[in-house]
Amino acid sequence: MNLKKVFYLGGMAIILFLLLISQTLTQARGSFDLASYLPIVLEGSSSTPGPTAEPSPTPTQPAQPSGPKIAYKRGAKGLGTNQLYIMDPDGGNPSFVQDGVDTNHRWSPDGSTFAYQAGVTVGSETHYEIYTVKWDGADPHRLTGLAGEDENPHWSPDSSKIVCDHDVFGDHEIHVVSVDGSGEVSITDNAVNDYNPVWSPDGSKIVFECLRGGDRDICLINPDGSGEVNLTPNPTDDRLPQWSPDGSQILYKTSGEVYVMDADGSNPANLNDVEPDAGYGLWSPDGSRIVFEKNVGFAHNEIFVMNADGSGLQQLTHAEALNKEPSWSPDGSQVAFSSNRDGNWEIYVINVDGSGLQNLTNTPAYDEKSPLWWGP
């Protein structure tokens with residue numbers, strides 16, 4: 001007989017002895033709770049379990065960052081930047097978000113989610129689709145899935161939908177899709193191409209580039225596809241439309257110069273006729289200023305800022321290098337940008353008066369580009 005059986009039989013004998021004593025005591029003195037006097041439950045016996053402690057809640061990230069953040073793309077020097085990161089405005093706490101982010105990453109207005117485009121390879125062919133990922137890297141998923149490829153995502157002001165341009169065999173149309181990937185629809189159906197859509201601040205209109213008459217114009221349409229109108233029916237190339245924060249005006253680029261017009265296409269004005277070769281322009285958060293990059297020589301771009309009426313032009317950066325992709329801080333006091341002035345691409349920030357230049361990334365082994373600020 002092995003020891004386990006010995007202990008088992010011995011234990012059973014003890015239990016029977018205690019039960020006998022219990023019965024005797026019960027008859028003599030009333031009720032007796034044997035269970036309260038047994039320190040253990042032997043193997044093979046049963047017992048009613050007591051209450052269990054509630055499990056500690058799993059810590060979860062907030063729906064959006066608690067303070068301003070700068071998103072940017074990172075990669076090994078010279079090998080492309082396709083990793084999405086975020087960091088604090090002073091360069092602290094860099095945090096990886098998502099890999100495979102090719103271009104056009106956009107914060108949702110509520111700060112909860114990024115939309116971006118990424119390449120999908122099928123056989124020998126690679127095409128772009130729109131993806132989303134939470135700001136902390138959670139829940140990445142592919143949003144678009146119709147035949148063709150999707151590019152240039154922009155959010156609706158309530159963060160519930162994304163508008164993008166959809167290309168099937170060279171035919172670009174404007175598509176709208178819900179953030180859960182459902183309900184993808186084309187809101188344009190033209191024999192010529194439509195590109196780069198941007199939602200108005202109040203959600204009632206979408207502005208986009210439209211190829212009309214052999215050149216690109218700026219067109220306007222309702223989100224349901226009705227009411228399309230050409231705002232710039234002229235023989236010049238009009239590109240990169242951007243809404244003013246209050247939705248009353250549209251900023252755009254014409255033949256290398258920065259223009260602005262009213263939201264209905266009236267009162268077009270050249271804001272910098274003395275500064276040709278301007279690039280992408282952006283309104284400040286309060287709509288009082290415009291920042292843009294400008295080509296000033298071979299492999300040489302600088303960042304400029306001016307008032308919304310074109311006055312007060314000021315050069316912010318002074319480096320014989322490529323200074324590109326400006327992005328306003330949420331309070332309008334600073335501009336972040338990317339520059340290769342130190343031999344690799346880094347993220348810098350500068351005050352709007354040109355002071356306080358800081359290198360936020362300072363990682364010579366990596367390239368960091370495409371800063372994009374967000375704040376609550």
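Sticking with the crude label model, points 7 Å out along Cα→Cβ, report the distance from Asn267 to Ser226 in nm, one decimal please.
Calculated label separation equals 2.8 nm.
Between Val122 and Phe298, with labels modelled 7 Å along Cα→Cβ, what's the label distance in nm to one decimal, could you check?
So the label points at Val122 and Phe298 sit 4.4 nm apart.
How long are the semi-axes of the ellipsoid equivalent to region 86-193, from square roots of 5 times the Cα gyration tensor eigenvalues, in whole Å, largest first? Display every interim value, and only then the final one.
Numbers: eigenvalues 133, 53, 26 Å².
Values for region 86-193, descending: 26, 16, 11 Å.
Counting other Cβ atoms within 10 Å, which GluC sites (Glu not before Pro) in region 285-324 have at most 14 and lie in a DSSP loop?
Details: sites: Glu293, Glu302, Glu320; in loops: Glu320.
Loop-located and lightly packed - Glu320.
DSSP loop (so not H, G, I, E, B), at most 15 other Cβ within 10 Å: list which chymotrypsin sites (Phe, Trp or Tyr not before Pro) in region 169-211 pass both filters. Walk me through the intermediate numbers first.
Working: sites: Phe169, Tyr195, Trp199, Phe208; in loops: Phe169.
Passing both the DSSP loop test and the Cβ count: Phe169.
If you keep only loop residues by DSSP, which chymotrypsin sites (Phe, Trp or Tyr not before Pro) in region 256-310 have at most 16 other Cβ atoms within 10 Å of their Cβ? Provide the component values of the computation, followed by the final result.
Values: sites: Tyr259, Tyr280, Trp283, Phe292, Phe298, Phe304; in loops: Phe298.
Qualifying residues, ordered by number: Phe298.
Which pairs, out of Lys73/Lys253; Lys134/Lys369; Lys73/Lys294; Lys77/Lys161, put more than 27 Å between their alpha-carbon atoms?
Working: Lys73/Lys253 25 Å; Lys134/Lys369 20 Å; Lys73/Lys294 22 Å; Lys77/Lys161 35 Å.
From Lys73/Lys253; Lys134/Lys369; Lys73/Lys294; Lys77/Lys161, over 27 Å: Lys77/Lys161.
Mind checking the alpha-carbon convex hull of region 71-374 and giving the volume per residue in Å³? If you can, show how the numbers build up before the last one.
On the way: hull volume 41.6 nm³, N = 304.
Spelled out: Cα convex hull of region 71-374, divided by residues, is 137 Å³.
Would you work out the relative contact order for region 71-374, in percent, from Cα pairs under 8 angstrom that are 6 or more residues apart?
On the way: 814 pairs, mean separation 33.3, N = 304.
In percent, rounded to a whole number, it is 11.
By how many nm would the segment from Asp202 to Asp331 grow when fully extended, if each residue of separation counts as 0.36 nm and the alpha-carbon distance is taken off? Walk me through the intermediate numbers first.
Working: separation 129, 0.36 × 129 = 46.44 nm, distance 2.05 nm.
The span from Asp202 to Asp331 would gain 44.4 nm if fully extended.
For a distance above 20 Å, tell me the whole-number percent of Cα pairs in region 208-350 that qualify.
Details: 4945 of 10153 pairs.
Roughly 49 percent, once rounded to a whole number.
Place +1 on the Cβ of every Lys and Arg and -1 on the Cβ of every Asp and Glu in region 71-374, take the dipole about the Cα centre, and give the residue among His105, Thr361, Ile130 whose Cα lies farthest towards its positive end.
Thr361
Read the figures in this text as sums done on the coordinates, not as results from a lab. For clarity, every value in this text was computed on a predicted model and none was experimentally measured. Backbone-built Cβ (ideal geometry, glycine too); neighbour counts: all protein chains shown.
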